[in-house]
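So the structure is just underneath, and the comments pick up after that.
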Amino acid sequence: MSIQRRPEADPCDPSVLTDVAAGHLRLTAAQCMRLYQEMPLAELGRWADARCRTLHGDHIRTYVIDRNINYTNVCTAKCTFCAFRRDLGADDAYTLGSDEICTKIEELEAIGGTQILMQGGMNPELPLAWYEDLLGEIKSSHPNVHIHAFSPPEVVEFVNFFDPPGSDFRAKVKWVLSRLQAAGLESIPGGGGEIFAPAVRQKIGMGKCDAEVWLTVMHVAHELGMNTSATMMFGHIEGIADRIHHMDLVRQWQDRSLADFGEAGGGRYMAFISWPFQRENTPLGRVQEWNPDADGAFPGDIVATLDGTGTKADHAEFGRRVRLAGASEYLRTQAISRLMLDNIYSIGASWVTMGPHVGQLALSFGASDMGSVMMEENVVSAAGTTYCLSEPVLCHLIRDAGFTPAQRDNGYDLLAVHDTEASPDLQVEDWSALRRNRLHIQSTEAGETVAISVEQ
Ligand code: SF4
């Protein structure tokens, strides 16, 4: 059955949402905006959960065991939300060698890991051969480890740094990605999505590619048969309509990829993951927080439009106030993403920034996947609080939420369904050694950062 559209229908009408949950009806951006603004949180969560159950059933919710490897912190961009980047030549700038990276992968394999998520800053000193050699070494020494690497902004910088052949940008991207794919690259993470609306992007992502370029890189990856994910970082200067517009663009470009390459075995967006901005140690985090009583309407909402055409000229205070997102805002946004992104398979919960229990709750607000056991995280933890969880704890959280935990691979195929007494969480006798470990990074008066681990 082809998906219907009824733009005139009331999106809060249960009969409309029943059709959405069943996958028969596509909501427009305007309908999603109304849902966001008008539907009580618990009700919205129930509809997102219904949609999730249509796609993923009532029983299994997944996780992956992978490792974040941030191969360099040298970066030419200056995103205002980033506390990770360093200038070339800075005292604490680093680039990992292949030996160090392979040691990290051995540690990953020792705990049953199947994939690496490898991303870095945009380091102008690294030639294409460095990447090809690295990918080749990883694949020859760890052939079973899936390489999920290089988000679109990195690919754009590869095009700038390597000066590849090609008559236009798309052809150059295709040349670079083909070389990396031949060397071992298998899929592309959705980093650098942030918020697509130009007014917001120009304020927060200084030096990063625009939405059209980001989406084009992913479209080329899909043409080459690689799957990707899409992301959104919200809860800063953007308006609610910017979030809906962002998701709408992901949906439109997924339609395009499926139409252009689906039958020929092309790739697609497999997952959408959204998370709130973490403010600590970042220039954007120093922007004054919006006070609705004193400041009136939030400037981001005045500027934001569902078609992304708002400009900073629409409000003098745009970009000078942030509206941080807490748990309910996060769950509301995620629930909307599940209802809106009818052509994307998985919605990932973001416990890394929101904490394990909100992540667990996210499984009842449309998320089907708990993401990764976290061995290492450098980028978000440099900007605030992140959480590290082991496999038994992650399984316990999923089971405690009412589901059977299952380890998956990058393609969302199930590797192990933990429905027996041999499950990682059911083997634990002493939880005291496995409590979640909260990592909090604080700034000192001298401007240095200090990592504090908090056992909970
Ligand atoms: S977020 Fe990424 S691209 Fe932006 S400054 Fe940080 S390392 Fe560079």
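Quick note: the coordinates plus some simple rules give every number you see, no bench work behind them. Note that the structure is a prediction, hence the values are computed from the model and not measured. No Cβ is skipped: glycine too gets one built from the backbone with ideal geometry, and neighbour counts run over all protein chains shown.
Relative protection proxy for 10-18, 221-229, 401-409, from highest mean packing down: 221-229, 401-409, 10-18 (other beta-carbon atoms within 10 angstrom).
Sorting the segments 287-297, 350-360 by their residues' average number of neighbouring beta-carbon atoms within 10 angstrom, most packed first, yields 350-360, 287-297. Across the stretch 59-428, Cα pairs under 8 Å and at least six residues apart give a relative contact order of 21 percent. The calculated FRET efficiency for the pair H357 and E107, based on their C-beta separation and a Förster distance of 25 Å, comes to about 0.35. Tell me whether the stretch 133-203 comes out rounded, prolate or oblate; compute the Cα gyration tensor, take square roots of the eigenvalues as a ≥ b ≥ c, and use a/c under 1.5 as the rounded threshold. Here the stretch 133-203 falls in the oblate category. Packing, as the average of other Cβ atoms within 10 Å across residues, places the peptides 182-189, 392-399, 167-174 in the order 392-399, 182-189, 167-174, highest first. The stretch 240-308 and the stretch 140-199 have Cα centres lying 21 Å from one another.
Computed from the C-beta positions of E429 and S141, the FRET efficiency with R₀ = 35 Å rounds to 0.50.
The label-point distance for S178 and E263, in a model that sets each label 7 Å from Cα toward Cβ, rounds to 2.3 nm.
Bin all alpha-carbon pair distances of the stretch 1-118 at 10 Å intervals from 0 and give each bin's fraction as a whole percent. The calculated distribution, bin by bin, is 11, 24, 16, 20, 23, 6, 0. Calculated on the Cα set of the stretch 186-341, radius of gyration then Dmax: 16.1, 56 Å.
When you work out D = kT/(6 pi eta Rh) for the stretch 324-364 at 25 °C and 0.890 mPa s, using the Kirkwood radius from C-alpha pairs as Rh and the Stokes-Einstein form, the result is 234 µm²/s.
With the alpha-carbon atoms of the chain aligned to their principal axes, the span from lowest to highest coordinate is 58, 57, 55 Å, starting with the largest.
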